[in-house]
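Only one structure is covered here, and it is reproduced in the block below.
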Amino acid sequence: MDIRIEKTDRAIEKAFMELRARQPLEKIKIKDLCALAKVNKSTFYAHYEDIYELSSRLEQKLIRIILESVPNVELTGSNTEQLTRDLFHAFVQNQDAVNILFSGARQGIFANCIEKGLRDRLSAKDPTFAADLDRGILLSFCVQGCFYAFTNNSSRMDEDHLVDLLAAIAKAAQSLNSKE
């Protein structure tokens, strides 16, 4: 990609994140975004259809970054515990972007997208995963539970203690699932 295009994209993305941190998506005006990014409106529209496309691209980019930071997705043995640890650390490393892009009612969308991405990866590795309700529920529990604990407790509890607790819960849930 042309370095000028990359620079323009970064300027627009940075300006968007600054504005989005202060106000809801619906209140962001293209003219304010362009002024902050120091680009013309025509430049913005050459890159994006509208503010919603920009937001959607940034959301997808963040989800991809988080999914890529969870290297080995498996729901067996201690891997469930490791998955929970990896997810929590990915959430922490991207906390500002998560809080800005997926605030309010959009929180559930974020967790569901992460879960779907992991579900797709697990199904691609193991075609039996999609039909295994127990492992599907375990994945939902790990992703949704980890994200809920992250959003509601990460500022109130020591992060190491919280991630250890989440990992222990995931391990216990895995052991319940393996008893048949």
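What does the accessible area of Glu81 come to, in Å² to the nearest 10, when a probe of 1.4 Å is used?
Accessible area, nearest 10 Å²: 40 Å².
Taking 0.36 nm per residue of sequence separation and subtracting the Cα-Cα distance, how much length would be gained by fully extending the chain between Ser140 and Ala124, in nm to one decimal? Could the numbers behind the result be given before it?
Working: separation 16, 0.36 × 16 = 5.76 nm, distance 1.72 nm.
Additional length available on full extension: 4.0 nm.
Nearest 20 debye, what's the magnitude of the dipole of the chain about its Cα centre given +1 on Lys and Arg Cβ and -1 on Asp and Glu Cβ?
In debye, rounded to 20, the chain gives about 680.
Just one of [x] 63, 34, 29; [y] 52, 32, 27; [z] 62, 38, 27 is Cα extents along the principal axes in Å calculated from these coordinates, so which is it?
Evaluating Cα extents along the principal axes in Å on these atoms matches [z].
Could you run the Karplus curve 6.51 cos²θ - 1.76 cosθ + 1.60 with θ = phi - 60° over segment 7-18 and give me ³J(HN,Hα) per residue in whole Hz, x for Gly and Pro?
So the Karplus estimates, Gly and Pro as x, are 5, 5, 4, 5, 5, 5, 4, 5, 5, 4, 4, 5 Hz.
Return the sequence-ordered ³J(HN,Hα) values of segment 96-109 in whole Hz as given by the Karplus equation 6.51 cos²θ - 1.76 cosθ + 1.60 applied to θ = phi - 60°, using x for Gly and Pro.
Here the 3J(HN,Hα) series is 4, 5, 4, 5, 6, 6, 10, 7, x, 5, 7, 4, x, 4 Hz.
For Ala105 and Lys14, what does the FRET efficiency come to when R0 = 30 Å and r is the distance between their Cβ atoms, rounded to the nearest 0.05? If you can, show how the numbers build up before the last one.
Values: r = 25 Å, r/R0 = 0.82.
In this case the efficiency is close to 0.75.
Around Glu6, with a cut-off of 13 angstrom between Cβ atoms, what is the net charge of the other residues, counting Lys and Arg +1 and Asp and Glu -1?
Details: positive: Arg4, Lys7, Arg10, Lys14; negative: Asp2, Asp9, Glu13.
Around Glu6, the surrounding residues sum to +1.
Quick one: with all protein chains in place, what share of the accessible area of segment 78-180 is carbon or sulfur, to the nearest percent (1.4 Å probe)? If you can, show how the numbers build up before the last one.
On the way: 2980 of 5500 Å².
The value for segment 78-180 is 54 percent carbon and sulfur by accessible area.
The values are calculated or read from the model by the stated rules, or taken from the named source; none is laboratory data. Everything quoted here is computed from the prediction, not taken from an experiment. FYI the Cβ positions are ideal-geometry reconstructions off the backbone, even for glycines, and counts take in every protein chain you see. For accessibility, only protein heavy atoms count, side chains too; no ligands or nucleic acids. Shrake-Rupley method; radii C 1.70, N 1.55, O 1.52, S 1.80 Å.
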